[in-house]
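Take a look at the structure below.
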Amino acid sequence: MKNIKFVFASFALALFATNYSSAQAPDVPVPAPQQQGKIYLTNATIHVGNGKVLQNATIGFENGKITFLEENPSIKTDATMGKVIDCTGKQIYPGIIATNTIVGLSEIEAVRATNDNAEVGTFNPNVRSIVSYNTDSRVTPTLRSNGVLYAQVAPQGGLISGTSGVVQLDAWNWEDAAVKQEDGLFINWPSMFRRKGWWAEPSGFELNKDYDKQVADLKDYFKDAKSYFEVGAHEKTNLGFEAMKGLFDKSKSVYVSVNYVKEMLHVIAFAEELGINIVLVEAKDSYMIADVLAQKKIPVILSKCHDLPTYDDEDIQQPYKTPGMLQKAGVLYCISIGAFWQERNLMFEAGTASAYGLTKEEALEAITYNPAKIMKLDNQIGTLEKGKEASLIISNGDLLDMKTSKIEQAFISGRQIDLSNKQKALNEKFSKKYGVN
Amino acid sequence: MAQVFRPIVIALLFLVQLSVFGQETTFHRNGPDDYREGVHAFINATIFKNYNTKIEHGTLLIKDGKVVEAGANVSIPKGAIVHDLKGKFIYPSFIDIYSSYGLPDPKKQPGTGNPQMETNIKGAYGWNQALHADYSAIKNFIADDKKADELRKIGFGAVLTHMKDGIARGTGAVVTLANDKENNLVVKADASAHYSFNKGTSTQDYPESLMGVIVLLRQTYYDAEWYKGLKDKREYNLSLEAWNNSQSLPQIFDAVHDWQNILRADKIGREFGVQYIIKGDGSEYQRIDEIKNSKARIITSLNFPKAYDVEDPYKALWVSLEEMKSWELAPTNAAALAKAGIDFSLTPADLEKKDDFLPNLRKAVKYGLDSTIALKAITYNPAEFLKVEDKVGSLEAGKLANFIISSKSLFDDKCDINENWIQGKRYEIKAFEPKDIRGTYKLAFSNNTNYTLKVIGDIAAPKANVIITDSIKPEVKVTYKGNDITLAFNPEKKKEFNKIFLTGTIDFDTKTWQGKGQLSNGDWINWTAAQTKGPDADTTKAKKDSTSVDLSKLGKVTYPFNGYGYEETPKAENVLIKNGTVWTNEEEGNLTNTDVIIRNGKISAVGKSLSCAECKVIDANNKYVTSGIVDEHSHIAISYGVNEGSEASSAEVRIGDVINATDIDIYRQISGGVVASQLLHGSANPIGGQSGLIKLRWGYAPEKMKIEGADGFIKFALGENVKQSNWGDRAVVRYPQTRMGVEQTYYNYFTKAREYGKALSSKTPPRKDLELDALLEILRGKRFITCHSYVQSEINMLMHVSDTFGFKINTFTHILEGYKVADKMKAHGIYASTFADWWAYKYEVIDAIPYNAAILTKVGVITAVNSDDAEMGRRLNQEAAKSIKYGGLSEIEAWKLCTLNPAKMLHLDGHTGSIKAGKDADVVVWSDNPLSIYARVEQTFIDGIRFYDSQLDAQKRDDIRRERARIIQKMLDDKTAGAPTQQPAPKGKNDMTIGDEN
């Protein structure tokens, strides 16, 4: 009874607050309406996302799709053709895609009530991240304003964490946001070692004696699921298995979080035995078996570059260099962070990778085209090519370098999105207070 | 009941009967007295009277459990029992200086999981449960023959026993390992006082860090001194009484885990005029010069690490080169101590298998330890350390008759200890090798049958045959013990049931055997065997000692002892950096085509076209040259425990006590251009601990990393961490739990400190309190606060507290809502050190904005970006550059956020933070604009010493690969040879624990 009263009271307060503050910009900007008419961005340096850079180029789009892309265009664009935005001196890039993220699932790390990223239990293939994705997260606008326009939202708990979804970051609700409601299955591969101590004072590792059993349990679960589909009709439905349908016809991938090289080899053997498509996630040691990954065509969603080496004797800059090594070996990989608010720095992770082995365009691909390919969305997003979604960002300078990376405008499927956020508002509020800018 | 009781009674009787020591006793005896004088003469032995006096063909005479005389010409009294030890060796029995023999195992109470602020020991004891100064080993000692036997077997005759539990461990007792009533075993009842860095079974929260342990010891020294001077003892304190009473004894400190702990223990001792005897863990060789400089005598272990099972190269990843090198070089430790002239004792205490002690000792000798010093380290030194050298450790007249008899020199791999005599009583370890009966004999039966008998092979297990023809040589089974001998053989193989059995006695003088025998038909005969020829000369070639070690092929000790260490610590260079783009951080601004000269550790000139004849030239064309990065907020390089968060204030703890000079993150920081860091206490409590300001002099000892003459700083913290908001539902005990309580915590402590300060200048000064001393320093403007802070209300609050008490806050660190109170901070002249763009990790950072640094800067607050994180610490240039993106600072302003401004906050800007002649040569050469994501560090100089060089780094990686491969081969050889191995596993950074694990 008491609780209900409390809820009512809060509700009343909320209404009051809404009325009172209606004059202020909302914390989360209003989603942009559908694209009206044609839009041309002219005289820009366009980074296509597939390695090509077009100088003095024009890109045009209509109904959310790219319809025009030319370097030194033969036609002259003017207001009669649609909305023309002069982008002289500007850089245009495909919208950045954050993979393996919990944006929208977690709002404040330390506040339990705001965390919807990890369900309890060991095998949860049927939980779907898309239904928890919060379009009104205060975090999302801070990602968009840095150029991150898409996210693969992935669950994290147990051994089988659940099914990921892919969203665009300017939406009214999760249905509206979904690019792909059910993307792939996320798995945490068991670890051969367990950490002792606690987060603030870690005290080493111990051998995980249950490793073999945990792997066997996982394998059994997959075998049972496979058998479930081969058998066909069932009196009793297994919701978990039902959610794994697409794995065995390879229409969906299994994303496996794994870091230690030996475990990775176990994962590969596991996938081959079960006949499933896998993507390695985090995969800090992946550079050690880059040739194997290239040969077997196993993609990698690589964990952050801004990380310390795993091993004491390892190259102290190894995490910076790993993308370059995967690139060189011909592995399909993308760079990820694996977090939420931190995703606004994804372009700088790529920048560092560029300082240590990638070209700038390769580094860009690692956060645009490559993730799209890994999620099999490259026919829609990831590059700026005719027929694809007009999801792009206009930067005042080099996107990958914080010194110059300033996103001035952004479009998702032709919709020009509002790049404001609460942090910008607070900046303005207090700059005004002090008379500085 | 009776069943339990009976064995005890029997045991007691047994003990009393064994009693040999001391003529008079207070004990009543059941039955007639059985006092024996025990006069024994051991002759013809090689006697080590002490570790460096060797007597060939000597005699040792003992009586009544003591040595009468040992020498070459000792007259043997009439009636003495004579033991002919021809070919044998006598050594003083060894002394284990680090035992807990005969003491009960400390028991830990199961923890409740709830905070425990006070001791749970009842009685008039001290305030902290980890202080057991009142523990007396002698009062708890109960002889344990089974345990004693383990040590006797490996040559030990006496031990120093003490309780290995807690930070102060009370007194130890020297006892012998004889099987006797405890009263007769005591060599010295109160022989030593013991300390350690491990709180052991204590369940009290304080201390929870190594720095907390150190300060608890320091404070206890002060408390004990104060207590001693108390005229009116209102507080009677058993712990402090005992502490004071044991100060005149040898003081022994257990400082295991790494060599740095030895230096830490020694530093505590220096403060109080105590020279500890320090127990190390066998890694002293990794920093032998510093250990030597401590002047401490060392107790160390021969607990050599097992080889790793590295057959799987992927598993081998988890074994660092440091661990590999430790495996290879641990056996050189004792030799290194000896070579450095450090007095040390060796203990078997840490060995998993005590039987490994002597083989390991011999291994140490093969790895360069002089055998005389080895002997000294287990005989004289432990005795002398404990001031019982008048009783044990050598075989001079009047000392206890504690000695071993061995078959060979102790350092011969084939040496057996035959007997261990303790207090004149014999303990047989391994029977003497029997006398030699090998040779050719004429075996004659009384029935006139004769055989030729040939005895060959090992002396201890000879083989024999009767020679009938060259090809018919039936085997004879020979068994003999003492003078008894039996022979059994079948002279005709063809016939079954034809064995002849002989039994007789040996006359060793005439080399003849004789006795009776029974033939297969049951007839008895007499027989004799007379030696006709002695044993054949030993033709088996002496096996080449396969275990000899080529010391020149061992890896080198590096500083620090890991892959990225240096064989020689780098020294300052004179360098001319030519034609760079120099960012000065001075009025000159950013200069192109400019030269910088580094000379004698300082920047000596900045300008165009400079020349320097003695300088090494670095071409900086197309490169950038800046002063080094300063990290205002770092937690790298701290040994065990960043937080002493058990109480609301831990102002007394000092990060400077626990600097970990071996942390690989130091090297990783310098690869990112960092030259100096403030190592901060954590944010677990409102008043944290004192900071350590270091320059990242990779390869140097901890004390040499500290910045000389730097001001003292202290960490404060506000908000969720100090309220324990995110520590789980049980963390609701410690005050404060709200921001209101946080304010009152400060009022409470500063009020106390102010009153303490007044009292100090009064006629009756109060007890010295290290916590209040630190707070008083703040009030007196001698210690400076860096306060972890997030929301504006609390920032404002602390400024009011400081106004009230009249001190100045130096820096608000993190300060994510600093932009909301920038004007107030400016008015107070407070610095801001912030994260560039962190937020959303907890509720109190919900309003954090990446524009914070820019707003603060524009308002006029001196602002820095900090890392709080070992990874981000090496990219602070990038974090500074974010202020260009968020808030539009100029490059010059942005660059100061990670260099000059943090240097100002740490009061180091007179020495570092800009490129200016006369400043420390803390200089970084970059491949690109240092604020660009594409910039890489090429060289980092600290005080003119090139600690990082990207090309040398590549070289190091090559070296690591080769050195790993070499040792892996060696480990695999060891495994193939059957040596035990251990499985590789990842290690945490802080594997040391200061509490018992359970």
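Since every read-out is calculated from the coordinates, none of them should be taken as a lab result. It should be emphasised that the depicted structure is a prediction, and the values quoted were computed from it without experimental measurement. Ideal geometry is used to build each Cβ from the backbone, glycine not excepted, and the neighbour counts take in all protein chains shown.
Cross-linked pairs B:Lys623/B:Lys896; A:Lys252/A:Lys360; A:Lys304/B:Lys556; A:Lys226/A:Lys297: Cα-Cα separations exceed 28 Å for A:Lys252/A:Lys360; A:Lys304/B:Lys556. Once the Kirkwood radius over Cα pairs is known for segment A:96-381, the Stokes-Einstein relation at 20 °C and 1.002 mPa s delivers a diffusion coefficient of 111 µm²/s. Among the listed pairs B:Lys571/B:Lys882; B:Lys325/B:Lys706; A:Lys284/B:Lys975; A:Lys209/B:Lys199; B:Lys325/B:Lys353; B:Lys695/B:Lys956, those with a Cα-Cα distance over 25 Å are B:Lys571/B:Lys882; B:Lys325/B:Lys706; A:Lys284/B:Lys975; A:Lys209/B:Lys199. When you restrict to C-alpha pairs under 8 Å that are six or more residues apart and normalise by the size of segment B:553-663, the relative contact order lands at 23 percent.
Between 0 and 90 degrees, the angle of helix B:259-271 with respect to the longest Cα principal axis of chain B falls at about 70 degrees. Using the Kirkwood formula on the Cα atoms of segment B:274-359, what hydrodynamic radius do you get, in angstrom to one decimal? So the Kirkwood estimate lands at 14.1 Å. DSSP beta bridges fully contained in segment A:96-381 are about 40 percent antiparallel.
Considering every alpha-carbon pair of segment A:262-347, the percent of pairs per 10 Å bin, from zero through the bin containing the longest distance, is 18, 48, 29, 5.
Proximity of backbone amide H atoms, modeled 1.01 Å from N, is registered between B:Asn585 and B:Ile915 at under 5 Å, excluding neighbours fewer than 5 places apart on the same chain. Tally Lys and Arg at +1 and Asp and Glu at -1 over the other residues with C-beta under 12 Å from the C-beta of A:Leu302: what net charge comes out? Once all neighbours under 12 Å are counted, the net charge is -1. Couplings 3J(HN,Hα) of segment A:419-427, computed from phi: 9, 6, 7, 5, 5, 5, 5, 5, 4 Hz, in residue order, whole Hz [Karplus 6.51 cos²θ - 1.76 cosθ + 1.60, θ = phi - 60°; x for Gly and Pro].
Extension gain for the segment B:Thr512 to B:Trp226, taken as residue separation times 0.36 nm less the Cα-Cα distance, is 94.9 nm to one decimal.
Debye-formula intensities of segment B:855-998, expressed as log10 I(q)/I(0) at q = 0.12, 0.13, 0.15 Å⁻¹, are -0.73, -0.80, -0.92 (one equal scatterer per alpha-carbon, no solvent).
Ignoring lysines fewer than eight residues from B:Lys473 along the same chain, the ones with Cα atoms less than 17 angstrom from its Cα are B:Lys442, B:Lys454, B:Lys463, B:Lys493, B:Lys494, B:Lys495, B:Lys499.
Among A:Asp401, A:Asp249, A:Asp312, which one shows the highest mean-square fluctuation when chain A is modelled as a Gaussian network with alpha-carbon springs under 10 Å? With Cα springs under 10 Å in chain A, the top fluctuation among A:Asp401, A:Asp249, A:Asp312 is at A:Asp312.
Going from the fewest other Cβ atoms within 10 Å to the most, the residues A:Cys334, B:Cys615, B:Cys415, A:Cys87 appear in the order B:Cys415, B:Cys615, A:Cys87, A:Cys334.
Within segment B:439-533, the percentage of alpha carbon pairs spaced more than 16 angstrom apart rounds to 52%.
Evaluated on segment B:629-912, the Kirkwood hydrodynamic radius is 18.9 Å, with distances taken between all distinct Cα atoms. Cβ-to-Cβ counts within 10 Å put A:Phe241, A:Phe411 in ascending order as A:Phe241, A:Phe411, the fewest first. For segment B:239-311, the set of GluC sites (Glu not before Pro) satisfying both a DSSP loop assignment and a count of at most 16 other C-beta atoms within 10 Å is given as B:Glu311. Computed from backbone phi with θ = phi - 60° and the Karplus coefficients 6.51, -1.76 and 1.60, the 3J(HN,Hα) list for segment B:33-41 is 4, 10, 7, 10, 6, x, 8, 10, 10 Hz; x is used for glycine and proline. Considering helices alone, the calculated mean residue ellipticity of chain B at 222 nm is -7000 deg cm²/dmol, with DSSP H runs of length four and up weighted by -39500 (n - 2.57) and normalised per residue. Each Lys or Arg adds one and each Asp or Glu subtracts one; over the other residues with Cβ under 13 Å from the Cβ of B:Phe42, this totals +2. One way to sum up the overall shape of the protein assembly as shown is the equivalent ellipsoid from its Cα gyration tensor, whose semi-axes run 72, 41, 31 Å, largest first.
Over all directions, the projected convex hull of the C-alpha atoms in segment B:616-748 averages 10.9 nm² in area. What does the C-alpha gyration tensor say about the overall shape of segment B:573-656? Classify as rounded when a/c is under 1.5, otherwise prolate if a/b is larger than b/c, or oblate. Prolate, since a/c reaches 1.5 and a/b exceeds b/c. Shown here for segment B:423-531: trypsin sites (Lys or Arg not before Pro) in loop regions (DSSP other than H, G, I, E, B) with at most 15 other Cβ atoms within 10 Å, namely B:Lys430, B:Lys435, B:Lys493, B:Lys494, B:Lys495, B:Lys499. Please compute, over every Cα-Cα pair in segment B:775-845, the percentage with a separation greater than 17 angstrom. The calculated P(r) of segment B:775-845 puts 39 percent of pairs beyond 17 Å. One quarter of the surface of the convex hull around the alpha-carbon atoms of chain B equals 54.8 nm², the direction-averaged projected area. The local environment of A:Phe193, defined by Cβ-Cβ distances under 12 Å, has a net charge of +4 under the rule Lys, Arg +1 and Asp, Glu -1.
Over segment B:116-206, the ratio between the Cα radius of gyration and 2.2 N^0.38 Å evaluates to 1.25. Could you work out the pair-distance distribution P(r) of segment B:21-91 from its alpha-carbon pairs, with 5 angstrom bin width and percents rounded to whole numbers? Going from the shortest bin to the longest, the percentages are 4, 17, 23, 19, 13, 9, 7, 6, 3, 0.
Principal axis extents of the C-alpha atoms in segment A:170-306 (largest first, rounded to whole Å): 49, 42, 36.
Only aspartates and glutamates eight or more places from B:Lys354 in sequence, or on another chain, were considered; those with a Cα closer than 13 Å are B:Asp96, B:Asp149, B:Glu150. Give the cysteines in chain B for which no other Cys Cβ lies under 4.7 Å away, or write none if there are none. By the Cβ distance rule, which asks for a partner under 4.7 Å, the isolated cysteines are B:Cys415, B:Cys787, B:Cys898. In terms of surrounding Cβ atoms within a 10 Å radius of their Cβ, B:Arg668, B:Arg152 rank from fewest to most as B:Arg668, B:Arg152.
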